[in-house]
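Student: My questions all concern the structure below.
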DNA sequence: TGTGAGCTACCTACCAGTAGGAAGGTGCAC
DNA sequence: GTGCACCTTCCTACTGGTAGGTAGCTCACA
């Protein structure tokens, strides 16, 4: 356990930002090399192949995301606030000009030509995110906070699609604020009327 | 005016399917060459640079889409059915295993590293699609077919995001049918109650 | 005395793009 | 209708550059 961020993690950090910007084929070892100031061969020392690099990267991202969602469930009790906190994460990412885009959403579009090991991990992230949203939505529905028109799993899929589509639109229009404008109304629709009144009153 | 599909169009067709599969950096002139059986240099004769090839490609896609949406408005009168027909287009694409993905949605994720000429055209497609959806939604709202919670422009943005996000999810899960499962409820929510009853009765 | 991390130097394959020529068609002058 | 100029299309052959990946070394450090 090193105190400062290890080289491997620096590599992963850079690679992640590069993937978010241009996808799997949008970056090379040379790009990483230039960004952190070590030779290309040295990167191969840490990650023998590109497929392995990206595989480790997505695995790390996935664990970070899962840990984040889990701790979010422990700190915030209300399902409604949990949902809002999740969306706030992306909104602050956008505001800080840091990657306003999910690595897995980026890679999902390239599924067909991804190394199988990577593709399966992307799929796994989508699964865990969907099931987290499902559990939050169904918990909120039981507490009478949400009014769901469909089964929680379906509403979760719809919400997830909205989030990813909103990221895409924000990029296409070059307008980061568009993300919020698209996603916020989406969760407002889910809130049950009485919950809505209290939300509007603040 | 040639009767059979010209070589240029064959090139564009292949390139489009390759972009849909792997994005801007996910294909090369060599791939096209192998697919249609002419040499790489011959492709350069038709499209001197890759940026120009993709630019022409997106322009063609954009014109096709705009023409399709326009003729859709002339053949189908009801805004509700226009909307459904638009979604059916993607659903049949998915069923036929043909590109279940919008070229521009694919490229939108790569905006940051696209040649400017391409990026601006992707943006233009998003604009025209959003404004078409806006006009359909506001027309439907005036006729009492839709019950909109927000301004038509905002509802259009939300719907568009849902469509693109659903494409992403369908890919990530490797389940083409998921697209329909996500998108259909989204438009059902828009339908006003009385319109809903007639739709359910068939 | 290893072991991990970095290096130089190199490999093969592929990339986008260019130069220049062969084949075939079209239109025109005579 | 033969010859000629011109055009489009596609070709072979090549360029400079970059891709991912490997071999084998040095050096620090424990």
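The values are calculated or read from the model by the stated rules, or taken from the named source; none is laboratory data. The shown structure was predicted, so the numbers you read here are calculated from the model rather than taken from an experiment. Glycine also receives a Cβ, built like all others from the backbone with ideal geometry; neighbour counts cover every protein chain displayed.
Student: Checking residue A:79 against (1) within 14 Å of another protein chain (Cβ to nearest Cβ); (2) over 15 Å from residue A:19 (Cβ atoms), only one condition comes out false. Which one?
Tutor: (1)
Student: Could you look through region A:34-52, keep only residues that are away from chain B (no Cβ under 14 Å) and within 23 Å of the chain's Cα centre (by Cα), and pick out the one that is nearest to DNA strand D (Cβ to nearest atom)?
Tutor: A:51
Student: Shifting gears a bit: Taking the condition surrounded by 15 or more Cβ atoms within 10 Å (Cβ to Cβ), under 19 Å from the mean Cα position of the chain (by Cα), on the phi < 0 side of the Ramachandran plot and within 16 Å of DNA strand C (Cβ to nearest atom), does residue A:29 pass? Give the derivation first.
Tutor: Working: surrounded by 15 or more Cβ atoms within 10 Å (Cβ to Cβ): yes; under 19 Å from the mean Cα position of the chain (by Cα): no; on the phi < 0 side of the Ramachandran plot: yes; within 16 Å of DNA strand C (Cβ to nearest atom): yes.
No; evaluated as a whole, the condition is false for this residue.
Let's see how each residue does on (1) under 27 Å from residue B:175 (Cα atoms); (2) in contact (Cβ under 8 Å) with a residue 12 or more places away in the chain; (3) in contact with a strand residue (DSSP E or B) (Cβ under 9 Å, 6 or more places away or on another chain); (4) surrounded by fewer than 21 Cβ atoms within 10 Å (Cβ to Cβ):
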{"site": "B:38", "(1), (2), (3), (4)": "no, yes, no, yes"}
{"site": "B:49", "(1), (2), (3), (4)": "no, no, no, yes"}
{"site": "B:66", "(1), (2), (3), (4)": "no, yes, no, yes"}
{"site": "B:108", "(1), (2), (3), (4)": "yes, yes, no, no"}
{"site": "B:125", "(1), (2), (3), (4)": "yes, yes, no, no"}
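Student: Scan A:31, A:59 and give me the residue that is away from DNA strand D (no atom under 16 Å from the Cβ) and at pLDDT 95 or above.
Tutor: Among A:31, A:59, only A:59 is away from DNA strand D (no atom under 16 Å from the Cβ) and at pLDDT 95 or above.
This table checks each residue for (1) at the interface with chain A (Cβ under 8 Å from one of its Cβ atoms); (2) under 23 Å from residue A:111 (Cα atoms).
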| site | (1), (2) |
| --- | --- |
| B:85 | no, no |
| B:89 | no, yes |
| B:117 | no, no |
| B:133 | no, no |
| B:164 | yes, yes |
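Student: Those residues that are crowded, with 22+ Cβ neighbours inside 10 Å and closer than 17 Å to residue A:44 by Cα, I need them from region A:13-23; list them, please.
Tutor: A:15
Student: Then there is this: So is residue B:8 away from chain A (no Cβ under 14 Å), surrounded by 13 or more Cβ atoms within 10 Å (Cβ to Cβ) and within 11 Å of DNA strand C (Cβ to nearest atom) or not?
Tutor: no
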